Structure formats: structure tokens, C-alpha cells
Amino acid sequence: MAKEIKATLKLQCPGGQATPAPPVGPALGAHGVPIGDFVKQFNDATGDRMGVLIPVIVTVYADRSFALEFKEPPASFLIKKAAGLEKGAGEVGTEVVGQLTSAQVRDIAEAKQADLNAASVEAAMRIIEGTARSMGVEVEG
């Protein structure tokens with residue numbers, strides 16, 4: 001018999017560095033999730049991606065158990081990392097803060113394709129290019 005789902009939470013934590021501090025602790029505590037167990041499971045599963053922002057979907061069951069589903073890091077995080085940026089543009093449209101090559105866009109699109117609503121790598125690349133432009137990052141090619 002399937003477990004009864006009580007709640008589904010979406011969180012973003014740095015890989016291998018989740019802590020019980022806000023926003024993680026209060027979000028999980030409100031649903032009765034053992035916070036220490038979540039922190040241990042998350043950090044064990046993401047220790048190889050230290051410091052990378054990892055979105056996680058936490059499915060909380062009625063018996064206070066939970067399941068974790070990991071996603072790829074946000075496109076904006078991957079774009080900043082590929083372009084070597086601390087943050088995106090303050091004034092989008094006028095300020096250019098970095099550049100990406102088509103190859104870098106393809107790599108990001110391939111990594112994110114499972115999470116994107118795109119039928120092909122080319123469609124995923126267009127989504128990533130749009131995100132890059134909205135951050136003030138130019139795409140070459």
C-alpha cells in the first residue's frame with residue numbers, strides 16, 4: 001500500500017552544506033520532518049557537489065517519513081559559474097556582465113534538459129540563452 005502524502009516542499013540548499021538553520025529548519029519542522037535526518041541525508045547525497053545550489057523536492061508522508069528528489073542546479077547558477085560571475089547585471093538590457101559560448105550554453109542545456117520543458121537540446125538551449133540574456137550575459141554564435 002502506498003504511503004499517504006502529507007506535503008511536498010521545494011527547497012534549495014548548497015550541496016553538502018544543509019543546516020537546520022532557516023529557511024530549512026522551520027520549513028521542515030512545520031511538517032513534522034526530523035530535521036537532523038534531512039540534513040544528514042541531504043549532505044550525504046550531495047557531498048560531491050559542495051557549494052553548488054541544489055534544488056530538492058521533499059515529499060513528506062503522514063508517518064513523518066520523507067523522500068528526497070534532487071534536481072539540477074538553477075540555470076542562473078550554472079550560467080554564472082560558466083561565465084565566471086558573482087552575480088547578474090543590475091540593469092538588464094543596458095549592462096553586459098559576461099559572455100558564454102554556444103558550447104557552454106549546450107553543456108548547460110544538456111545538464112538541465114530533464115528539468116526543462118523542452119523537447120530537444122536546441123529548445124533547451126533557447127531557454128538557457130533567454131535566461132542568460134535576462135542576466136546581462138551575451139551568448140556568442
Q. Roughly how tilted is helix 121-134, in degrees to the nearest 10 and between 0 and 90, from the longest Cα axis of the chain?
A. 80
(Q) Between segment 111-141 and segment 43-98, how far is it from one alpha carbon centroid to the other, in angstrom? (A) 16
(Q) Angle check, please: helix 35-46 long axis (alpha carbons) against the longest principal axis of the chain (alpha carbons), in degrees 0 to 90, nearest 10. (A) 40
**Q.** segment 75-139: C-alpha pair distances exceeding 20 Å, %
**A.** 20
Q. Helix 102-112 sits at what angle to the longest principal axis of the chain, using alpha carbons and giving 0 to 90 degrees rounded to 10?
A. 20
Q. Relative contact order, percent, of segment 56-107 when contacts are C-alpha pairs under 8 Å separated by at least 6 residues?
A. 22
Q: Would you kindly state how much longer the chain becomes between SER134 and ASP48 on full extension, computed as 0.36 nm times their sequence separation minus their alpha carbon distance, in nm to one decimal?
A: 28.0 nm
Q. Once volume of the Cα convex hull per residue in Å³ is worked out from the coordinates, which option in (i) 149; (ii) 116; (iii) 132 does it equal?
A. (iii)
Q) Taking only C-alpha pairs under 8 Å that are 6+ residues apart, what is the relative contact order of segment 75-139 in percent? A) 44
Q. log10 I(q)/I(0), Debye, Cα-only segment 5-70, no solvent, q = 0.13, 0.16, 0.23 Å⁻¹?
A. -0.29, -0.44, -0.92
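Values quoted throughout were computed directly from the atomic coordinates according to the rules given, and no laboratory measurement underlies them. Keep in mind the model is a prediction, meaning the values are calculated, not measured.
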